[in-house]
1. Looking for whichever is in contact with a strand residue (DSSP E or B) (Cβ under 8 Å, 6 or more places away or on another chain), more than 16 Å from the ligand (Cβ to nearest atom) and open to solvent by 40 Å² or more (accessible area, probe 1.4 Å) here; the options are LYS180, LYS185. Which one fits?
2. Could you go through the range 232-247 and let me know if any residue there is assigned to a strand (DSSP E or B) and modelled with pLDDT of 95 or more.
3. Which of the residues belonging to the range 216-230 are within 7 Å of the ligand (Cβ to nearest atom), closer than 14 Å to ASN249 by Cβ and not hydrophobic (A, V, I, L, M, F, W, C)?
4. Could you list, in sequence order, all residues of the range 308-341 that are within 16 Å of the ligand (Cβ to nearest atom) and not in a loop (DSSP other than H, G, I, E, B)?
5. Scan the range 114-137 residue by residue and report those that are within 16 Å of the ligand (Cβ to nearest atom) and buried (at least 18 other Cβ atoms within 10 Å of the Cβ).
6. Failed condition for MET213, given (1) away from the ligand (no atom under 16 Å from the Cβ); (2) closer than 20 Å to ALA230 by Cβ; (3) of a type outside the set (D, E, K, R), with all others met?
7. Do we find a residue being of a type in the set (D, E, K, R), within 15 Å of the ligand (Cβ to nearest atom) and touching a Pro at 6+ places or on another chain (Cβ under 9 Å) anywhere in the range 170-177?
8. Which of (1) touching a residue at least 12 places away in the same chain (Cβ under 8 Å); (2) open to solvent by 50 Å² or more (accessible area, probe 1.4 Å); (3) of a type in the set (Asp, Glu) is the odd one out, the single condition ASP305 does not satisfy?
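The values are calculated or read from the model by the stated rules, or taken from the named source; none is laboratory data. All values reported here derive from a predicted model rather than from experimental measurement. So basically every Cβ, Gly included, is an ideal-geometry build from the backbone, and we count neighbours across all protein chains shown. For the accessible areas, the whole protein counts, side chains as well, though only heavy atoms, and no ligand, DNA or RNA atoms are used. Shrake-Rupley method; radii C 1.70, N 1.55, O 1.52, S 1.80 Å.
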Amino acid sequence: MILSDTKSLEGAGPATKVVNAGRRKEWTGPVVNPPVWRASTHLYENTAALAEGPRHNEDGRFFYGRRGAPTQWALAEALTALEPGAAGTVLYPSGVAAIAGVMLTILKPGDVVLITDNAYDPSRAMGKGLLTDFGIEPRYFDPLDVAGYEALFCERTRAVLLEAPGSLSMEMCDLPLLAKIARDKGAISVLDNTWASSLGFPALERGIDITLMALTKHVGGHSDLMMGSASAGADLYAKLRARAQQLGNVVSPDDAALALRGLRTLDVRLRQETASALKIAEWLAQRPEVAQVLCPMLPGAPGHDVWKRDFIGGCGLFSFVFKGGTMADRNRFIDALGLFGIGYSWGGFESLAIPIDPAGYRSVMTWPPVDGSDLAEARHGVRLTIGLEDPADLIADIEQALTAWQQA
Ligand SMILES: *Cc1c(COP(=O)(O)O)cnc(C)c1O
């Protein structure tokens with residue numbers, strides 16, 4: 001029985017797809033995973049076949065290394081199977097390369113792109129750097145201010161870049177509504193769906209036009225590779241694929257094999273990390289040192305109702321802010337953690353912590369929010385990535401580090 005046939009997976013649950021998608025017999029041979037096909041040159045039978053090669057620019061056709069080989073095709077096909085509504089998936093050498101690849105596909109000089117103000121900072125920087133240099137105007141918007149967002153559209157608005165929850169500050173916006181407004185205005189909606197992945201938020205089904213992920217995070221899952229992806233319906237997928245070929249975007253078969261290995265456990269890792277993160281977020285919310293936990297999965301936290309309405313799942317990434325205290329107190333807390341690594345990125349099997357000060361990464365949103373809530377007094381935040389350790393051990397570690405925070 002060949003479970004890997006994408007058709008036979010239609011109607012299967014996401015966990016079944018995660019395990020089986022992309023495992024075509026013609027790619028795997030007699031083993032479970034597709035081998036690592038290291039190849040630039042693809043060899044032809046004769047000159048007639050050589051001349052045919054470039055003509056068929058289709059997925060799954062051998063031609064030359066830049067169009068990939070079975071290891072990369074298997075990964076792209078698996079990601080497509082996990083994204084309801086997707087016709088295909090383009091792989092990029094990093095998450096940032098995916099964002100740039102998408103922007104350079106759908107925008108041209110003179111266009112305006114609306115970028116959510118709480119986007120991943122390199123996305124914000126891309127607006128002011130790469131896109132501005134190419135004659136494209138970025139405008140930043142507060143995704144919680146729907147009227148303000150709507151008012152920013154003009155004749156030249158060609159695309160919007162969304163992300164939820166927001167980077168660092170974790171605001172949860174109404175993605176289906178913002179995407180619908182973009183569509184009504186004739187603009188393409190792009191979602192950076194790295195946080196939830198297609199398992200937690202089936203973006204195209206919810207009205208998004210192009211969904212992208214930093215595979216570096218959850219799909220890789222082991223903090224040992226960098227990759228990005230973008231998935232879309234037929235028209236936009238064809239455009240993304242053509243532009244990626246023009247830009248020379250390829251991923252190595254070794255990294256594709258690692259990403260496939262990570263993908264097979266994605267569902268169970270996300271479930272476990274979500275459950276642990278919820279326990280830890282709940283515990284933190286009761287602590288006198290904490291002004292607010294910024295975790296949309298937590299009942300009562302900002303954005304929880306929207307998350308519950310629109311999302312199927314979550315992950316281990318959330319933030320919290322201290323009630324008072326100085327930056328030095330906050331940094332002492334992080335330095336005192338024993339089980340949390342200090343480092344960028346997230347989505348691996350291991351827990352991480354970084355200090356956050358989002359004020360420096362916002363153009364139109366305020367930090368802390370000045371709505372009279374507890375947060376108005378809070379300044380210094382921490383972002384936690386909850387990995388696969390025992391949550392009781394992580395809580396004990398946080399508890400002892402809170403003692404260091406108090407020792408001013
Ligand atoms: C990490 C990240 C990216 C970029 O991915 P890289 O592979 O590091 O380039 C993009 N978006 C979000 C939300 C991220 O967290």
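1. LYS185
2. Yes, some residue in the range 232-247 is assigned to a strand (DSSP E or B) and modelled with pLDDT of 95 or more.
3. The one that is within 7 Å of the ligand (Cβ to nearest atom), closer than 14 Å to ASN249 by Cβ and not hydrophobic (A, V, I, L, M, F, W, C): GLY228.
4. Answer for the range 308-341, where residues must be within 16 Å of the ligand (Cβ to nearest atom) and not in a loop (DSSP other than H, G, I, E, B): LEU317, PHE318, SER319, GLY341.
5. ILE115, THR116, ASP117, ASN118, ALA119, TYR120, SER123, ARG124, MET126, GLY127, LEU131, listed by residue number.
6. Failed condition: (1).
7. Yes, the conditions are met somewhere in the range 170-177.
8. (1) is the only condition that ASP305 fails.
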